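Notes follow once the structure below has been shown.
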Amino acid sequence: MRIGMMIGEGGSLGGTLDALVAQVQGAESDGLHTAWFPNIFGIDAMTLATVAGRVTSRIELGTAVVPTYPRHPMAMAQQALSTQVACGNRFALGIGLSHQVVIESMFGMSFAKPYSHMKEYLAVLAPLIRDGSVSFRGDAFRVTGNLKVEGAKPCSILLAALAPKMLGLAGSVGDGTITWMTGPKTLREHTVPRINEAASQAGRPAPRVVAGLPIAITSDVAGAKAIAGQFFQIYGVLPSYRAMLDREGVEGPADVALAGDEDTVAGQIAALGKIGVTDFLAAPFPVGKDPGASLDRTMKLLSRLARS
């Protein structure tokens, strides 16, 4: 199982562009396999990946995730392939619908048919990234065009897929899924079997399952859980994540956060690999009277697991 971490909004300590790039360099030095960048209301994730790709040499860089609605699929493909070549072909494109409150209330766009939107979006995006050309006529998109970014190999396309139909798309058309706030029971009983079945039926390779969860190494588990409940509380009310928490049978984000000493958390991460998670996406959060020490312990554990 690959070990990676979230860098940017909602994951690590965040910071300026230079600070975020330094975190990526640190993750690479620590032996981590992947670094993932959220695309929320701060720095653009693909821009960050492009800059980080110029000063790293090994670590895979991915978006977790870029919303589809604000970017035409041809523009998304063009930027993704440009980022791919800037990263030395170490880029993974993670995309997602975002949320109704964002798309309708902030962007002023319709969120009426999210599955249909994503299905058509992929019908344009995937051929452009994989073959360099597309001719598609749908209800929302009618696109004929070509792309050629010299030196860029096709990057993987991962979907923020939680519900059954979206997992079907992630397996049958995409290269896998990126989950967030999805606990081990739900991953085992819902996510992994559904996406694997979809990929198998479509004759696609075995999909990646990138599971993102908050993590803190600490001796104060109760305190860490309380902090996680506050730090990540928004994810307990957004409908798509709320559905996963309900499926898990837990009250909120604090209940799926990984917290404890090194052996406890290492065991929790190993258990994810046994149920079919291919990539663990750590979202470290600071806890305790000395949050820097806790973050340092968390990074040392991730480094040890990545190197083992």
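The values are calculated or read from the model by the stated rules, or taken from the named source; none is laboratory data. Please read these numbers as outputs of a predicted model, since none were measured by experiment. Counting neighbours? That spans all protein chains shown, and the Cβs are built from the backbone with ideal geometry, glycine included.
Okay, here's what the table says:
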read-out	value
Helices (runs of 4 or more DSSP H) enclosed by region 1-114 - at least 3 residues per element that are at negative phi and under 15 Å from the mean Cα position of the chain (by Cα)	45-53
Counted residues, region 280-305 - those being modelled with pLDDT of 95 or more and among the hydroxyl-bearing types (S, T, Y)	2
Elements of type strands (runs of 3 or more DSSP E) in region 127-213, at least 3 residues being touching a strand residue (DSSP E or B) at 6+ places or on another chain (Cβ under 7 Å) and crowded, with 21+ Cβ neighbours inside 10 Å	156-159, 176-180
Cross-chain or 6+ apart pairs with Cβ under 9 Å, region 232-256 first and within 14 Å of A163 (Cα to Cα), then among the β-branched types (V, I, T) and in a loop (DSSP other than H, G, I, E, B)	Y241/T182; M244/T182; M244/V256; L245/T182; L245/V256; R247/T182; E248/T182; E248/V256
Residues of region 89-125 classified as under 15 Å from F141 (Cα atoms), surrounded by 18 or more Cβ atoms within 10 Å (Cβ to Cβ) and among the aromatic types (F, W, Y), total	1
Members of region 41-62 found to be polar (S, T, N, Q) and closer than 15 Å to Q79 by Cβ, listed by number	T47, T50
Pairs, first closer than 13 Å to D30 by Cα in region 281-306, second in a helix (DSSP H, G or I), C-beta under 6 Å, six or more apart	L301/E262
Residue in region 236-250 that is over 16 Å from T182 (Cα atoms) and surrounded by fewer than 22 Cβ atoms within 10 Å (Cβ to Cβ) present	no
Among (1) in contact (Cβ under 8 Å) with a residue 40 or more places away in the chain; (2) farther than 14 Å from P284 by Cβ, the one test that I40 misses	(1)
Residues of region 55-88 satisfying the condition of being of a type in the set (K, R) and closer than 27 Å to R137 by Cα	R71
Residue within region 29-51 that is crowded, with 21+ Cβ neighbours inside 10 Å, of a type in the set (G, A, S) and farther than 25 Å from L122 by Cβ present	no
Residue in region 285-308 that is of a type outside the set (V, I, T) and closer than 24 Å to L167 by Cβ present	no
Any hit, region 269-282, residues being among the aliphatic types (A, V, I, L, M) and touching a Gly at 6+ places or on another chain (Cβ under 9 Å)	yes
Hey, A271 part of a helix (DSSP H, G or I), among the hydrophobic types (A, V, I, L, M, F, W, C) and farther than 27 Å from P207 by Cβ or not	no
